[in-house]
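Chemist: Got a structure for you, questions after.
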Amino acid sequence: FSVMEIQSVREGHQSEVMRKHGRGFSEQQCFTIVFQGNRTNLDLVAGTLEERRRWVRGLHKLMARAAGMSQREKLHHWIHEYLRRADANKDKKMSLEEIKDLLKLINIEVYEEYTLLLFKQCDRSKSSKLEEHEIEEFCQLLMQRPELEEIFNYYSGEDQILAVREISNFLKEQKEVPSEENAVELIERFELNEKAKQNQLLTQDGFVMYMLSPDGNIFNHSHDLIYQDMGQPLSHYFISSSHNTYLMEDQLGGPSSTEAYIRALLRGCRCVELDCWDGANGEPVVYHGHTLTSKILFKDVVTAIRDYAFKMSPFPLILSLENHCGVEQQTVMARHFTNILGKLLVTGPVDDKEPEELPSPEELKGKIVIKGKKLTASGDVDEETAEEDNEKKKEAKLSQELSDLVVYCQ
């Protein structure tokens, strides 16, 4: 695998595999490499604590090095990584068929006629195989963006190059800060041609790299941080939510995993779903009922949620319960919530006052809120939340202990 594919490195028993099968190893020797996308984690056990420290420290240094690469280095690495994967006979050259495999690897759909046209254009040696520099040329031709070239031509004029002053004019018209310092910084970061960079010039390739980078995104990155008023009632906000959070794949026969919760939380999700069913040995489980999806222990899910609830956001996390358990295991659920989440769990109104409206995200910072059914004062399930059968409304049974944990969200 490539270091560029690593999302994070976790120390200890911080994956489902480690929690299930790693108990025979000291937590101080274990670590997990988490990859981007849907690739399976790599769980490892070092010989000693010091060995694990060296591995983790080394991986973090490599990840930092990869994150700090220049645009030219990133492009070079990207090309060579996918060249390595697509080069079937490992001769460091690529035939037309290998080029087609490369395009599939990077999810680019191109007409075969266009692929052949670019291939012939780059095959300077007429050997029916592209060598390293020819592969780079092929990739650059493939990445051409006519609409960006049109913008570049408008600002660069006949000389087909952007000087510092012209970059400043472009920034001014785009409502950015039009200073020479900013223009020079853009050249330093995005220009691929070293000679142009030394002369403080931006070529078309450098301009395209800039426009395709996060700096060229229409999204205002000052808004990456919360800047809105978070003091309004909870119901005034859209909430980033996840459905069937526990599923790693399809909802009929795919695996359920605590890892799915971890990944959702690390993406900033603030409402996750738990489909709870009676399990063996008195322990409730989470899975997609009446299907072939695998089951995971409810208490393992709650533990993973506790560990990752506030890694990406300090604002409240809502646990949405789809409760299919009997009263006995509902009481077990309530006990696990209380024992595992501790002070993180909302168990009563903020400031011990019955609210006239929902509390704000600001007031609930660092707190976990249970969303589910609640008993009325008479001991019945609230009619508004009771499930309705196709024929008649059935009497629903609910544990008092679990009901007491439902404070705000029903």
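Chemist: Report yes if L116 is more than 24 Å from E5 (Cα to Cα) and surrounded by 13 or more Cβ atoms within 10 Å (Cβ to Cβ), otherwise no.
Modeler: Yes, satisfied.
Chemist: Follow-up question, since we're still on this one. Looking at this structure, is S168 at pLDDT 85 or above and surrounded by 14 or more Cβ atoms within 10 Å (Cβ to Cβ)?
Modeler: Taking the combined requirement at face value, the residue satisfies it.
Chemist: Is it true that Q28 is in contact with a Gly (Cβ under 8 Å, 6 or more places away or on another chain) and either closer than 30 Å to L192 by Cβ or of a type in the set (S, T, N, Q) (or both)?
Modeler: Judged against the criteria, Q28 is a match.
Chemist: Among (1) free of Cβ contacts under 8 Å to residues at least 24 places away in the same chain; (2) in a loop (DSSP other than H, G, I, E, B); (3) touching a Lys or Arg at 6+ places or on another chain (Cβ under 9 Å), which single condition is L44 missing?
Modeler: (2)
Chemist: Given the options E362, E357, name the one that is at pLDDT below 95, in a loop (DSSP other than H, G, I, E, B) and in the same structural domain as H288 (by TED's automatic domain parsing).
Modeler: Sole residue among the options that is at pLDDT below 95, in a loop (DSSP other than H, G, I, E, B) and in the same structural domain as H288 (by TED's automatic domain parsing): E357.
Chemist: Residue under question is F31, and the condition is that it be of a type in the set (F, W, Y) and closer than 24 Å to L247 by Cα; does it hold?
Modeler: Answer is yes for this residue.
Chemist: Need pairs with beta-carbon distance below 6 Å; first residue within 18 Å of L118 (Cβ to Cβ) and within the stretch 84-97, second in a loop (DSSP other than H, G, I, E, B) and not polar (S, T, N, Q); sequence gap 6+ or separate chains.
Modeler: K93/K129; K93/E131; S95/K129
Chemist: Follow-up. Considering only residues that are small (G, A, S) and not in a loop (DSSP other than H, G, I, E, B), look in the stretch 324-347 and name the one that is surrounded by the fewest Cβ atoms within 10 Å (Cβ to Cβ).
Modeler: Step one: filter the stretch 324-347 for residues small (G, A, S), giving 326, 334, 342.
From what is left, the residues that are not in a loop (DSSP other than H, G, I, E, B) are 334, 342.
Numbers: A334: 18, G342: 10.
Only one residue tops the list, namely G342.
Chemist: Yes or no: the stretch 49-59 includes at least one residue that is surrounded by 15 or more Cβ atoms within 10 Å (Cβ to Cβ), part of a loop (DSSP other than H, G, I, E, B), in contact with a strand residue (DSSP E or B) (Cβ under 8 Å, 6 or more places away or on another chain) and not hydroxyl-bearing (S, T, Y).
Modeler: Scanning the stretch 49-59 turns up no residue that is surrounded by 15 or more Cβ atoms within 10 Å (Cβ to Cβ), part of a loop (DSSP other than H, G, I, E, B), in contact with a strand residue (DSSP E or B) (Cβ under 8 Å, 6 or more places away or on another chain) and not hydroxyl-bearing (S, T, Y).
Chemist: Okay, moving on. Would you confirm whether any residue within the stretch 82-89 is within 25 Å of the chain's Cα centre (by Cα), farther than 27 Å from D300 by Cβ, among the aromatic types (F, W, Y) and not in a loop (DSSP other than H, G, I, E, B)?
Modeler: Yes; the residues of the stretch 82-89 include at least one that is within 25 Å of the chain's Cα centre (by Cα), farther than 27 Å from D300 by Cβ, among the aromatic types (F, W, Y) and not in a loop (DSSP other than H, G, I, E, B).
Chemist: If you scan the stretch 28-43, which residues turn out to be loosely packed, with under 15 Cβ neighbours inside 10 Å and of a type outside the set (V, I, T)?
Modeler: Of everything in the stretch 28-43, those that are loosely packed, with under 15 Cβ neighbours inside 10 Å and of a type outside the set (V, I, T) turn out to be Q28, Q36, G37, N38, R39.
The values are calculated or read from the model by the stated rules, or taken from the named source; none is laboratory data. For clarity, every value in this text was computed on a predicted model and none was experimentally measured. No Cβ is skipped: glycine too gets one built from the backbone with ideal geometry, and neighbour counts run over all protein chains shown.
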